[in-house]
Each structure stands twice: as C-alpha cells, then as structure tokens.
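The values are calculated or read from the model by the stated rules, or taken from the named source; none is laboratory data. What you see is a predicted model, and the numbers here were worked out from it, not measured in a lab. When we count neighbours, we look across all protein chains shown, and the Cβ atoms used for this are built from the backbone with ideal geometry, even at glycine. Note: accessible area is taken over every heavy atom of the protein model, side chains too, but ligands, DNA and RNA are not part of it. Shrake-Rupley method; radii C 1.70, N 1.55, O 1.52, S 1.80 Å.
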Amino acid sequence: MNTDRRRNNAPPGGTSAPVFARTIREPGYLQSLRPRRSRGPNELRRIFLQPSIIPSASGSAYLEIPTSSTPSTSTLVPPTSSLKITASVQGPKPLPRSAPFSPSLLLTTTVKFAPFATRNRRGYIRDTTERDLGVHLETALRGVIIGERWPKSGVEVVVTILEGDEDGWWGDSASEGSANGSGWGLLNVLAGCITVASAAITDAGIDCVDVITGGVAAITRNPDSRDQKDLARLLDPCPAEHKEIVAACAVAYLASRDEITEIWMKGDIGADPDALIEGATHAAVGSLAVVKDVLLEALQAKFQGQLEVKESGVKRKAGDVDMTG
Amino acid sequence: MSLPSLALPGQLLGPTDKYLPGPGTHIHEQQIYASIAGPVISSPSKSHSSSTTTSSKSKLVPLLSISRPPTTTTDPGILGTGSGGGAPLLPAIDDTILGRITRLGARFATCEILVIGDTVCREAFQGQIRREDIRATEKDKIKIEESFRVGDLIRGVVISLGDQSNYYVATDRNEFGVVMARSEEGRLMYPVSWREFRDPVSGRAEGRKAAKPF
C-alpha cells in the first residue's frame, strides 16, 4: 500500500456532503433537488478558457466549465459539480544527461487530481486513475505534435484537476450506494484535459498539426418514459443531471484533418458505436470554436505591436481572421 | 485566396505550388498549413530553378512562415533565467552562441550554451568544444588549459548537433573565443593578444583563446 508518509494525511474515506434533516423527514424533498438538464441535447455547457496563466511555464492554460444549473436557495450543496483544470507545459528543454538519444520530442504527461478535486478526497500520490488519464492524454497529444522539429528535447505537460466532474448526482450515491458510479465523470475530465493541454501547447509554441480538442457524447435512459428502451443521445453530458447513463464516449478530435487520435468508450454502446463517436466529435468541434477564439484573442494581444507595424505598411487584413469551428 | 494575418495550428495557408513552406508551417496533402500560432509572414523568395515542369521563366514564389512571439532579451523571467524568460529555441548548425565553460577535459572542454544568436535560451544546452576545434591553425599544438578556464564566457559557432547530450561548438575563427575571463585572483581581465588575457592589477598574463573584440 503506497501511502504518503511525508505529510499529515487526511482521514481515509474522505468527506461526505452534509445530510440535512429535511432530506430524511420528507422523502420527496431529496428528489426535488435533483438537477435536470436544461440545455438541448446538442448544446454544450459554457466553457471558460484562459491561456498563459503561469508565467514561469513556457505555455499554460486554465479551463473551467461552470455548473450550468442555478444554485438552489434551499440547500447549500451545489447541485452539480463544475470542471476546473489547469495545464502547464514545461519545455521543450534538453534531455537529461542520462537519457539516450532521441531524434524527436519526448512527451511526458502527468495528470493529477488536487486532493480536494472530488467529493471523495484524493491522495497526494498519483493513483491508477490518474496514471490512466495520463496515458490517454499522452496518446491524444502524441498524434498532434510534430516531434521531429525538436530533436534531443523533452516536454512535460502537467495537468492539475482542481475540480473534477462527478460520476453521478450526490443524492444518488447517498441513497442507492453505487447506482451508476462507474467513472462517467472521468470521460468529461479527459476531454477537458485534452482541450486545456492543447491550448497550453499552442501557447508554448510547440509545432502541432492542428488544434486538438476533446468532446464527450453519451447515451442516457430517459427517466420520464415508462419504456426501458427509450434512450436519448446527447452531447457533453453532466453525469449529475442524468439518473442513468448507458454509454459514453470521449474522443480527441482534429477538426481540420477529420482525424481522431484517442477514443475512450464506456458502457453498453449498442449496435451503432459510430453514431456515439460522431456525436463526441461534434462536441469536440463545439469546444474547438471556444479554443480558437480564445487563442486568437491572446495572439492579438501578444503581437499587438508587430501587427500594427505590418498593417501600417500593407493593407489592413484583420477582417479576414477565420473563426469557423 | 488571401492570407490570414494570424494563424493557428492546422489552419490552411495555401497550396505548395504557390508558396514555399517556411518555419512554423508544415505540408499535408500538397497544402501548406500553419503549425504554430502567430502572424503569417510571406516574404518573397526565388523558387529553386529545378522545377522543370513549368515554363523556363523563374517565377517568384513567396515563402510562408509564422513568426514566434518577440522575445524581450532584457526580461529574464520572474525567477531569473530558466524560469519562463527566453524563447523555446534549439541550437542549429552555424548559429553563433554565447556560453560558459563548465568543465575542462584532456580532449575537450564542456560549456553550457546560454544565448543562441540574439535570443536568450530558456534552458542551457550542453556544448562541447573539441581540442581541434579551438583554433584553425597549429591544431596539434593546442592545449585546452591554455585556451579556456572554467567560468570563462565564450563566443562560438555550432558545428554539429552532436551526440545524445552535447552540441559541438567551435571557436576556430578570429571573432570566436573567450569574451570575458577572470584571473586566478578573480579579477576581470582584458585581452592583449589573440592568446593572452592580462590581469589589470597584478599584470600577470594568462593564456586564453581570445575572441577578437569588435
């Protein structure tokens, strides 16, 4: 058992959301707090992205997908979690002396949940989920970086998840145990990691084939209908808003090349997995629009002086910046 | 098709028969795409005359490149060098570099490359100056310890990307060699000839491969 011996550790088992007496007295009250998806099936949550937030890193970005549902006035527990991820890129820097020769860029990805990122407290040492996410992120990014431009160098992508999407609604986990807690939130986290790492890599000026973004699509069971077969396909699921998710899929998608570098599927996909993948790429294109917009804005600020010099001599070109998703 | 003023990675810039790919771009299926984010610069350049498919007239094909952010060499980053200041840049052959000697061996001196061209590196690169690359004449009589000392600042040129960890640096021209050196007492010395530095107080001369002052 690898526990952290260097720090005062929190009690194992973690913290739990406070249980208010009203939820026990009134049986219907808890269910009335259940968040519902208020956006359309093809509508994504809003995304906040900010590049260049860490001055000492060569590139960095911060991504936040705020909670979509309005906070209820009757309880202190937020209905859904939000997603908050930072990514920093260190390098490209020369390899250590002991490393063997490498003709291309060596990519290292590290994904870490902050100890307070989820409802159950995480340890300081990377666990298997985090290493798994790191491998997924590495395969996603490896397909987009042009490594031959940086011989004998290494680059580190460090992703810290400050708040992760949950696997389900907190009310369910308290009452039904593990109702659907099989890591649906991780897919959202992976897609966010891919998007934010891509923005950080672009910020660092590492040669890429395209701007890569992550997207998630899911098949959920409709709780209102009597029919158990009634399934709905939707983009960017927030696991807390759905009582039962049947299948979900996260992809890393290169929009201008129409290529996928990473797929992660979970659950009972059914007969048509392609439709789910297709949906996830649509979600990725949606977040690409945000990433492109934000990066262009940052570029314009960075190259302000240079562009003005250029435009004063030549004709004005700022109007034809392509912003299509 | 007009060129965009700012490009992001993966943005289409133009076909390869109308433009030449420069730094910051890549070719995919006969089209030039941007590979880093930045302003697109198209500079006129002559196409190589080997294109025999077209008519004999040599047409001008603009070179498309994407410039990296301008580096402010005066700003070393918030925590000193190696902490975010400087540019992501690799040494290339024929680059003039500034470096500091870190180790002397029997056959070579080791240096760390700190500046490439005019830009400060984000991280120091390991460089190696072989004994025969120190000067151009009388190569068999070169002695490392009469040419460099640990801590000397040198100007040199990258002659090879080297092995797994070192770039090979040469100082075999007049303008290359030791730029700044301290004497054994620690005082800054001044060059008196191409192979001597002198301490201003004690007047003692020390052997160095001096760079010709501009």
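Assorted remarks:
- Using Cβ point charges alone (K and R +1, D and E -1), the dipole size of segment B:96-207 about the Cα centre works out to roughly 80 debye.
- The alpha carbon centroids of segment B:25-46 and segment B:96-141 are separated by 34 Å.
- Relative pair counts by distance (%), Cα atoms of segment B:96-207, 5 Å bins: 2, 13, 24, 25, 19, 12, 5, 1, 0
- Spin-label pair residue A:265/residue A:278, simplified geometry with 7 Å Cα→Cβ offset, distance in nm: 1.4
- With both labels modelled 7 Å from their Cα along Cα-to-Cβ, the residue A:32 to residue B:173 distance reads 8.3 nm.
- Once the Cβ-Cβ distance of residue A:243 and residue A:139 is raised to the sixth power relative to R0 = 25 Å, the FRET efficiency obtained is 0.20.
- The share of alpha-carbon pairs in segment B:131-194 lying farther apart than 15 Å comes to 57%.
- Calculated FRET efficiency for the pair residue B:93/residue A:3, C-beta based, R₀ 60 Å, to 0.05: 0.70
- Summing both sides, the accessible surface hidden between B and A at a 1.4 Å probe radius is close to 3500 Å².
- Each other residue within a Cβ distance under 13 Å of residue A:194 adds +1 if Lys or Arg and -1 if Asp or Glu, for a net charge of -2.
- Cα convex hull, segment A:94-185: 113 Å³ per residue, rounded to a whole number.
- Residue-normalised accessible area of segment B:96-207, given per residue in Å² at a 1.4 Å probe: 51
- Spatial offset of segment A:111-151 relative to segment A:225-295 amounts to 20 Å, using the alpha carbon center of each.
- Reported to the nearest whole Å, the Cα centre-to-centre distance from segment A:32-54 to segment B:168-195 is 61.
- Residue-level accessible surface for residue B:198, protein heavy atoms, 1.4 Å, Å²: 80
- By accessible area with a 1.4 Å probe, ligands and nucleic acids excluded, highest first: order of A:112, B:141: B:141, A:112
- Taken about its Cα centre, segment A:22-126 carries a charge dipole of roughly 320 debye when the Cβ of each Lys and Arg holds +1 and the Cβ of each Asp and Glu holds -1.
- Rounded FRET efficiency, nearest 0.05, which uses the C-beta distance separating residue B:196 from residue B:103 and R0 of 22 Å: 0.45
- Largest accessible area first, the listed residues A:37, B:107 line up as B:107, A:37 when surface is computed with a 1.4 Å probe on the assembled protein chains.
- Residues in segment A:119-135 carry Karplus couplings, in order, of 5, 8, 5, 9, x, 7, 8, 5, 9, 5, 4, 5, 5, 4, 4, x, 5 Hz; the curve used is 6.51 cos²θ - 1.76 cosθ + 1.60 with θ = phi - 60°, and Gly or Pro positions show x.
- Mean separation of Cα contacts under 8 Å, 6 or more apart, over the residue count of segment B:96-207: relative contact order %: 22
- For the listed residue pairs A:112/A:243; A:93/A:266; A:302/B:209; A:152/B:143; A:112/A:152; A:292/B:18, the alpha carbons are over 32 angstrom apart in A:93/A:266; A:302/B:209.
- Formal net charge of residues neighbouring residue A:32 (Cβ-Cβ distance under 15 Å; K, R +1; D, E -1): +2
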